[in-house]
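Okay, structure first, notes after.
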Amino acid sequence: MTERDVLQNYSKLTEIEKKIFHYIVENPRQIQEQTAKEIAERNFVSKTTVINVAKKCGFQGFSDFKYYMLYHQQTLEQKNDFLIASNQLKEEIERTFFLTDEKALTEAGESILQSRLVYIFGLGLSGQIASIFENLLLKLGVKALFVRDSNNIEMITASGNKEDVVVLFSLSGNTGKTVELAKKAKIKGMKLISITAFTDNAIQSMADIRLYSYAGVADTKTNDTISRLGMHLIICLLTEKIKEIKNI
């Protein structure tokens with residue numbers, strides 16, 4: 001039974017039956033707790049009238065009609081959830097483009113190409129984007145190292161120097177270990193490039209070059225499943241800028 005089938009049968013209903021039909025359609029969840037008799041009493045009709053509505057719409061009985069309406073409602077809610085999520089991702093892309101400063105991209109690209117070594121650091125899902133960025137740089141012939149273990153940040157500051165660049169990924173911009181690395185790298189005179197959400201955060205405040213991605217919610221302490229689509233867009237744009245500078 002499809003929605004079209006049900007609507008085509010609608011014309012067969014009497015005016016009173018149409019009233020019951022609309023009550024059922026407009027209250028798909030409430031009717032799951034109601035019997036045909038209860039619906040009849042609420043609408044001042046007979047139980048037979050309620051059952052006739054279901055049968056005229058193509059169902060064997062009222063129970064079939066009721067379960068169809070529940071399934072239909074759940075499907076609509078899933079579609080609405082998908083639509084909301086799609087619009088949020090679209091907004092993330094559009095606003096990240098709006099926040100992108102081409103001058104900062106160029107400065108970041110030139111600093112990366114002029115560096116002795118590019119250290120890359122990020123944790124959680126931000127770390128996944130950081131790992132992709134390492135691979136992109138290596139394919140462009142840039143010496144890059146993604147430090148996967150937060151316990152190895154001492155290695156960066158111990159072996160790094162002023163000729164190196166540190167690219168820090170953190171959506172919140174306040175991730176403890178990433179902030180710690182930023183402070184230590186800053187003391188060593190290493191150039192810092194931050195990729196964070198557009199907020200007043202600790203990491204971007206220490207960075208020499210700031211790149212921003214849009215995020216409706218940037219607090220990842222309680223929810224690290226927040227989209228990093230904006231971050232991914234930033235590394236794609238930065239990669240293209242590096243290729244442009246190298247004339248690839």
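We did not get these values from a lab; they are worked out from the coordinates using the rules stated. Model, not experiment: these values are computed from the prediction. Positions of Cβ are backbone-derived with ideal geometry, glycine not excepted, and every protein chain shown enters the neighbour counts.
In degrees, nearest 10, range 0 to 90: what is the angle between the Cα axis of helix 15-26 and the longest Cα principal axis of the chain?
Between helix and principal axis, roughly 20 degrees.
Hey, which lysines would be in cross-link range of LYS18, C-alpha to C-alpha under 23 Å, not counting anything within fewer than 8 residues on its own chain?
Filter leaves LYS37, LYS47, LYS55, LYS56, LYS66.
What three numbers, in Å, describe the spread of the alpha carbons of the chain along their principal axes, ordered from the longest?
86, 37, 26
What residues qualify as long-range amide H neighbours of LEU171, i.e. H under 5 Å apart, gap of 5 or more or another chain, H built at 1.01 Å from N?
Under 5 Å from the amide H of LEU171: no residue qualifies.
I need the fraction of alpha carbon pairs in region 100-246 separated by more than 26 Å, rounded to a whole percent. All intermediate terms of the calculation are to be shown ahead of the outcome.
Values: 1471 of 10731 pairs.
Value for region 100-246 (Cα pairs over 26 Å): 14 percent.
At 7 Å along the Cα-to-beta-carbon direction for both GLU91 and GLN114, put a label point, then send me their distance in nm to one decimal.
Taking the simple label geometry, GLU91 and GLN114 are separated by 3.9 nm.
Placing +1 at every Lys and Arg Cβ and -1 at every Asp and Glu Cβ, with all other atoms neutral, what dipole size does the chain have around its Cα centre, in debye to the nearest 20?
220 debye
Could you tally the net charge around SER131, taking each other residue with its Cβ under 15 Å from the Cβ of SER131, Lys/Arg +1 and Asp/Glu -1? The partial results should precede the final answer.
Details: positive: LYS139, ARG148, ARG228; negative: GLU134, ASP149.
Summing Lys and Arg as +1 and Asp and Glu as -1 gives +1.
Per residue of the chain, what 222 nm ellipticity follows from adding -39500 (n - 2.57) for every DSSP H run with n ≥ 4, rounded to the nearest 500?
-18500 deg cm²/dmol
Taking K and R as +1 and D and E as -1, what net charge do the other residues with C-beta under 15 Å from the C-beta of PHE62 add up to?
Taking every other residue near PHE62 into account, the sum is +1.
When the dipole is taken about the Cα centre of region 100-246, and only Lys, Arg (+1) and Asp, Glu (-1) are charged at their Cβ, what size is it in debye, to the nearest 20?
300 debye
Spin-label point model (7 Å from Cα, Cβ direction): what's the GLU163 to LEU138 distance in nm?
2.2 nm
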